[in-house]
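Reading through the structure tokens given below for one structure.
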There are 2 protein chains.
Amino acid sequence: MSSPSQSPPPRLFTFAAGATGTWTVTLTRPVIGESLPDAAALSVVAAGPAVEVGETAAAWRLRGIVSNERYVERAEKDALVARQEGLGRAACTRAALIPIRKSAAWWALTQDERRDVFEAQSRHIAIGMRYLPAIARRLHHCRDLGPDEPFDFLTWFEFAPEDAGAFEDLVGQLRASPEWRFIDREVDVRLSR
Amino acid sequence: MSSPSQSPPPRLFTFAAGATGTWTVTLTRPVIGESLPDAAALSVVAAGPAVEVGETAAAWRLRGIVSNERYVERAEKDALVARQEGLGRAACTRAALIPIRKSAAWWALTQDERRDVFEAQSRHIAIGMRYLPAIARRLHHCRDLGPDEPFDFLTWFEFAPEDAGAFEDLVGQLRASPEWRFIDREVDVRLSR
């Protein structure tokens with residue numbers, strides 16, 4: 001049991017790009033729709049509304065919140081938990097931030113229809129599983145932070161340089177899947193430290 | 001097709017309780033856990049972050065955002081859409097605002113487990129359907145607005161005075177369902193205009 005004085009893990013994260021930061025931005029590329037401004041560096045800050053992230057020299061900032069999973073079922077969850085490792089491993093000096101927005105047509109689908117596209121047609125969970133534990137991942141939701149967020153999801157990936165090819169395979173498979181027909185904006189930001 | 005100049009319907013709503021407002025508060029009752037402060041009146045304001053709701057004399061204010069449905073499947077959605085009517089009907093001079101928070105145990109369940117409790121065990125969708133079109137309803141999500149929201153959901157109901165008994169049946173059935181074992185805070189605010 002956790003002690004009553006222990007805080008729950010942070011859920012809200014800010015990705016702040018600017019002149020300086022923990023990660024060096026090596027590439028900013030629009031995949032679908034409008035890109036983000038170029039920036040030299042990026043910091044990832046666990047920040048609730050009251051925390052000052054620092055406004056100086058920000059090229060852009062995006063916020064996302066870790067939430068419950070929307071599609072994963074129990075057997076999948078157990079398999080993921082058994083294989084995955086956390087963020088922050090010393091060998092993982094490469095990262096990617098991939099903000100995406102899904103279309104109005106996606107959000108008008110019902111739960112069974114979205115699950116069908118997401119997994120039965122696109123194998124989103126199964127594809128990600130193949131790259132565990134090499135490719136660590138954290139999904140942040142933006143859509144319900146407010147009505148004016150520029151993206152629906154921010155996915156953060158960390159991996160070692162020798163797994164960079166595997167990471168390209170992973171994103172290539174997802175982008176070729178039926179689910180990606182519902183993506184109307186995607187930016188690919190690559191980083192190293 | 002909608003015209004390009006037409007705004008999408010508002011998603012973010014603020015429920016502001018205080019000395020004055022559109023609705024008269026007739027009852028504020030804690031069902032599970034801590035209540036909300038008593039207030040004489042309540043206003044429901046469609047408000048993005050930039051809109052000033054007015055701070056004067058607010059007893060409390062809660063925010064929630066309309067989002068995609070998490071459990072409803074296509075056949076259920078079609079049946080709901082065929083039967084339901086909108087908010088704001090002239091005859092609907094009674095309303096209820098029921099803020100609820102679900103437990104950590106709920107949020108740790110996977111999608112299939114939550115759907116099983118929600119519908120297979122609790123018949124949440126089927127129960128609501130029985131009271132359409134008399135009881136109109138709008139669900140607002142709070143949990144992903146930020147990490148510090150006091151509730152996970154705000155449900156707003158409107159009905160005519162002659163359907164007040166039906167509304168008691170509806171909430172009574174839901175509160176007796178297995179899903180309600182996962183509710184750790186619930187307040188029942190009743191209103192008239």
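Points to keep in mind about this one:
- Test: residue in the range A:165-177 that is surrounded by fewer than 17 Cβ atoms within 10 Å (Cβ to Cβ), in a strand (DSSP E or B) and more than 14 Å from chain B (Cβ to nearest Cβ): no
- Any chance residue A:183 is within 29 Å of residue B:69 (Cβ to Cβ), β-branched (Val, Ile, Thr) and within 17 Å of the chain's Cα centre (by Cα): yes
- Top-ranked residue in the range B:127-153 [being outside any loop (DSSP other than H, G, I, E, B) and farther than 15 Å from residue B:70 by Cα; ranked as nearest to the chain's Cα centre (by Cα)]: B:137
- Taken together, the residues in the range A:92-107 that are more than 8 Å from chain B (Cβ to nearest Cβ) and not in a strand (DSSP E or B) amount to 6.
- For the range A:61-79, residues that are surrounded by fewer than 14 Cβ atoms within 10 Å (Cβ to Cβ) and of a type outside the set (Asp, Glu) total 2.
- When restricted to residues that are assigned to a strand (DSSP E or B) and either more than 14 Å from chain A (Cβ to nearest Cβ) or farther than 20 Å from residue B:70 by Cα (or both), the range B:154-164 contains 5.
- Hey, residue B:122 under 26 Å from residue A:69 (Cα atoms), in contact with an Asp or Glu (Cβ under 6 Å, 6 or more places away or on another chain) and surrounded by fewer than 17 Cβ atoms within 10 Å (Cβ to Cβ) or not: no
- Matching residues in the range A:67-91 - criterion: being closer than 26 Å to residue A:191 by Cβ and in a loop (DSSP other than H, G, I, E, B): A:67, A:69, A:84, A:85, A:86, A:87, A:88, A:89, A:90, A:91
- Looking only at residues of the range A:132-146 that are surrounded by fewer than 18 Cβ atoms within 10 Å (Cβ to Cβ) and within 14 Å of chain B (Cβ to nearest Cβ), we find that the one that is nearest to residue B:153 (Cα to Cα) is A:146.
- Residue within the range A:25-34 that is exposed (fewer than 14 other Cβ atoms within 10 Å of the Cβ), at pLDDT below 95 and away from chain B (no Cβ under 14 Å) present: no
- Boolean, residue B:180 is in a helix (DSSP H, G or I) and either at pLDDT 95 or above or closer than 30 Å to residue A:9 by Cα (or both): yes
- For residue B:150, the criteria (1) buried (at least 21 other Cβ atoms within 10 Å of the Cβ); (2) within 28 Å of residue A:9 (Cα to Cα) hold in every case but one, which is (1).
- Within the range B:94-108, tally of residues that are farther than 26 Å from residue A:147 by Cβ and without any contact (Cβ under 8 Å) to a residue 60 or more places away in the chain: 2
- Against the test of being at pLDDT below 95, part of a strand (DSSP E or B) and more than 14 Å from chain A (Cβ to nearest Cβ), the options B:17, B:59 yield a single qualifying residue, B:59.
- On inspection, residue B:82 does not qualify as more than 23 Å from residue B:151 (Cα to Cα), in contact (Cβ under 8 Å) with a residue 60 or more places away in the chain and either buried (at least 20 other Cβ atoms within 10 Å of the Cβ) or not acidic (Asp, Glu) (or both).
- The numbered conditions (1) aliphatic (A, V, I, L, M); (2) within 14 Å of chain B (Cβ to nearest Cβ); (3) in contact (Cβ under 8 Å) with a residue 40 or more places away in the chain; (4) surrounded by fewer than 17 Cβ atoms within 10 Å (Cβ to Cβ) are all true for residue A:129 except (2).
The values are calculated or read from the model by the stated rules, or taken from the named source; none is laboratory data. Because the structure is a prediction, the values reported are computed rather than measured. We place every Cβ from the backbone using ideal geometry, glycine too, and count neighbours over all the protein chains shown.
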